[in-house]
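The next block holds one structure in the form of C-alpha cells; read it before the comments.
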Amino acid sequence: LENLQPEIQQLAKRLRYEVSVRGKQLGWSEKVARFHFTKNMRRIVTELYVRDNCHPFKATLLLWVQIPMWVCVSLALRNCSVGALGSAVQEQFSSGGALWFTDLTAPDSTWILPVSLGLVNLLVVEV
C-alpha cells in the first residue's frame with residue numbers, strides 16, 4: 001500500500017485536472033465535479049489494488065486470526081500453570097517432559113526453548 005501512494009497521488013493530481021477541465025466544458029458545479037472526481041478516484045484505486053494484489057483488508061487478516069489465538073493459548077497456559085484444572089494436570093506437567101526438559105513446571109535453565117520460540121516467532125512475523 002505504501003509503495004502505491006506516489007502513484008495514487010500522481011493519478012489524483014492528473015484526474016483532478018481532467019475533471020476540472022471537463023467540468024468547465026460541461027458547466028458542472030463544484031459539487032458535481034467533486035462527485036465525479038471521488039467516483040473515478042475510487043475506481044482507479046480499486047484497479048491499482050487489484051493490479052498489485054494488495055487490498056488493505058489483507059494487512060489486517062493475520063491480526064484477526066492471531067489475536068484470538070494468542071488470547072486462548074495464554075488463558076490455557078495460565079489455567080494450567082496456576083492449577084485451575086486440578087492437581088492431576090500439574091503432576092503431568094512435572095513428569096511429562098522430554099529430552100532435556102523433563103519437568104515442564106521448572107524454568108528452562110539452558111534458554112533453548114525461550115530462544116527457539118523467539119526465533120520461530122520472528123520467522124513467522126517476517127515471512
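Sort through V115, V73, V124, V65 and tell me the only one that's modelled with pLDDT under 90, out of contact with any Asp or Glu (no Cβ under 7 Å at 6 or more places or on another chain) and β-branched (V, I, T).
Answer to the selection: V65.
Against the definition (open to solvent by less than 60 Å² (accessible area, probe 1.4 Å), of a type outside the set (G, A, S) and outside the structural domain of E91 (by the TED database)), how does V50 come out, yes or no?
no
Inspect region 17-31 for any residue being open to solvent by 70 Å² or more (accessible area, probe 1.4 Å) and in contact (Cβ under 8 Å) with a residue 12 or more places away in the chain and give the result as yes or no.
yes
For the list (1) farther than 30 Å from A106 by Cβ; (2) modelled with pLDDT under 90; (3) open to solvent by 50 Å² or more (accessible area, probe 1.4 Å), I need the number of the one condition that Q9 fails.
It is condition (2) that Q9 fails.
Could you say which residue among A84, A98 is loosely packed, with under 10 Cβ neighbours inside 10 Å and either of a type in the set (G, A, S) or at pLDDT below 80 (or both)?
One residue alone meets the criteria, A98.
The values are calculated or read from the model by the stated rules, or taken from the named source; none is laboratory data. Because the structure is predicted, anything quoted here is derived from the model rather than measured. Neighbour counts run over all protein chains shown; Cβ positions are idealised from the backbone, glycine included. With ligands, DNA and RNA removed, areas are computed over all heavy atoms of the protein, side chains included. Shrake-Rupley method; radii C 1.70, N 1.55, O 1.52, S 1.80 Å.
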